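Here is the structure we will look at, set down as structure tokens.
The values are calculated or read from the model by the stated rules, or taken from the named source; none is laboratory data. No experiment lies behind these values; they were computed from the predicted model shown. All Cβ positions, glycine included, derive from the backbone under ideal geometry; neighbour counts span all protein chains shown. For accessibility, only protein heavy atoms count, side chains too; no ligands or nucleic acids. Shrake-Rupley method; radii C 1.70, N 1.55, O 1.52, S 1.80 Å.
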Amino acid sequence: MRVLGLPAILVACLALASCSAISGDPDRPIRPPETTGSVASSIPAPPEPEPIQQPLPEGVPPDTVAMVPPPISKPPLRPVALPAEPVAAVMAAPMVRSGPRERIYGRRFRDAKPINFGRASPRAFAVHGVDVSRWQGDIDWQTLRQQGANFVFIKATDGGDHLDPMFKRNWRGAHEAGLRRGAYHFFYWCRSGAEQARWFIRNVPRIPGALPPVLDVEWNADSACKRRPSPSNIRDNMQAFLTIVERHYGQRPIIYTAPGFYHDNLEGAFLDYPFWLRSVARHPSQVFEGRKWVFWQYSGSGLSQGVGEKIDLNVFNGSAEAWYRWLGTNANGGGAGQDRYASR
């Protein structure tokens, strides 16, 4: 009996050991996904894709989720560190894909006149970009992108008869370097909004992947036009421009503005339009109270390799994942026309 019972005892012991190995130690903490201090292009890709994060219960700190990986059927992406945000914000909106995801480069800009924004520092944002015009001169776009410019808004037109002399070159160079690009129009208060919209459409190509067009509205002391129309007249002309441009490009335009002009004319208006806000001393929430925004221009004195002059610095209001979602919804979906500047 002792001899026959020994194998049974050994089998039972082996079974118990196997169960223990499978279930693991319940007191051993589960290590959360690692994050890095910045978005860096030198981070090596993981050997295999990480599992898709599931929505977390309420009360779980948002920094337990560093990123939402792509579906398993796609090749794994290089890891991108994101600022902490509510888990619900990451999980709520459905993922819309418009094509392969571009690499997001970390911010490496400097500032000639740095501002201490405290806890609201633009450095905490994942996606940085710039806006340019002829005043930046010749730009080394590949270097600028590697410095952290993931998107660019390029000055195209002014009023009803002026085209920025560097627009075509900048438009082509930004595309060749892999930046997401959009064009902006500087509004002139001595011409109608409809006339200016037609001038913008005449000069800015409608192409796949482009960012929404931008209407720049502000006071300009150096302008030959000294008119300061009433707020209602300003809004009427803006609306005419926005309606015509949206109909042509199939994208809702973005409104860019500065504090003084905003408080004089736009407070409480155009609530259905995305805003790009200039605020170089404080966070936009402290300057444009209650206004939702998509882009924040936080400096006009940026310094970057690849650009000889000072440059405007901007951030997108969201994580890298939110940026991909926003592009899927707002970037030109394609098929609307050809880029006539692509080969010139």
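Assorted remarks:
- Asn314 being under 27 Å from Arg103 (Cα atoms) and open to solvent by 40 Å² or more (accessible area, probe 1.4 Å): no
- Whichever residue in region 227-255 is assigned to a helix (DSSP H, G or I) and among the hydroxyl-bearing types (Ser, Thr, Tyr) and, among such residues, is surrounded by the most Cβ atoms within 10 Å (Cβ to Cβ): Tyr249
- Test: residue in region 88-105 that is open to solvent by less than 30 Å² (accessible area, probe 1.4 Å), in a loop (DSSP other than H, G, I, E, B) and at pLDDT 95 or above: yes
- Spans of helices (runs of 4 or more DSSP H) in region 110-206 with at least 3 residues surrounded by fewer than 22 Cβ atoms within 10 Å (Cβ to Cβ) and more than 23 Å from the chain's Cα centre (by Cα): 193-203
- Residues located in region 225-266, provided they are aromatic (Phe, Trp, Tyr) and within 14 Å of Ala197 (Cβ to Cβ): Phe241, Tyr249
- Residues that are within 23 Å of the chain's Cα centre (by Cα), over 13 Å from Val214 (Cβ atoms) and among the charged types (D, E, K, R), drawn from region 234-289: Asp272, Arg282, Glu289
- Taking region 210-226 as the range and being open to solvent by less than 30 Å² (accessible area, probe 1.4 Å), modelled with pLDDT of 95 or more and assigned to a loop (DSSP other than H, G, I, E, B) as the test, the residues that pass are Ala210, Leu211, Pro212, Pro213.
- Meets criteria (of a type in the set (Ser, Thr, Tyr), more than 26 Å from Gly173 (Cα to Cα) and crowded, with 17+ Cβ neighbours inside 10 Å) for Tyr273: yes
- Within region 256-267, being open to solvent by 60 Å² or more (accessible area, probe 1.4 Å) and in a loop (DSSP other than H, G, I, E, B) holds for one residue alone: Glu267.
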